[in-house]
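No value in this document is a laboratory result; all are computed from the given coordinates. Just so it is clear, the model here is predicted, and its values are computed rather than measured. Cβ sites come from the backbone with ideal geometry, for glycine too, and all protein chains shown count toward neighbours.
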Amino acid sequence: MHWTNLNRISYVLSYFLPMFAVAGFLLGLVPFGRLSEAVRDLRRSLSNSPSTEILSDSDAVPPILWAWLPVTLAFLIRFVSWRSRTSSVFDAHRSTGRLERFFGPLYGQNPNLLDDKWITDRFLFTGPMLFLMACALAALIRYKLTAPRKSLQEPFTTDSE
């Protein structure tokens with residue numbers, strides 16, 4: 001049952017980034033915090049023992065919303081510092097194929113861009129960055145959609161009271 005004419009390795013190398021980003025987005029939609037609370041409540045009800053309740057700060061920013069930052073910084077350092085083997089001596093800062101190397105599919109790669117670090121750039125820098133950014137975006141959307149609404153009509157107070 002083949003849906004593509006590409007062999008397995010070419011398929012993975014070509015579609016790894018979109019699949020990784022979609023997987024990160026879908027994983028960001030899962031409310032792991034609420035799942036762990038449900039498991040904790042279930043365990044507490046089954047054990048019938050008094051337990052200490054740990055109160056969490058509801059105003060704290062969840063770590064998933066910041067997880068993309070260090071990975072993106074590492075990617076940006078690698079993205080900016082990358083030099084093509086075909087870059088000009090007169091304009092070394094303008095490397096042709098920079099976007100294609102980091103984000104383009106395998107069939108769009110120039111043979112000059114495929115060096116021994118192409119796989120490392122793709123799997124260790126670009127993929128995890130896209131995964132964590134998509135995961136954080138989905139988590140942010142989930143938090144915004146499921147957050148309790150705060151009342152906009154607060155009682156008006158004056159200084160004379």
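Rounded to the nearest 0.05, what FRET efficiency do L140 and I9 give with R0 = 45 Å and r taken as the Cβ-Cβ distance? Could you check? Don't skip to the end; give the middle numbers.
On the way: r = 35 Å, r/R0 = 0.77.
Rounded to the nearest 0.05, the efficiency is 0.85.
Return the distance in nm (one decimal) between the two label points of a simple spin-label model at V22 and S45, each offset 7 Å from Cα along Cα→Cβ.
3.7 nm
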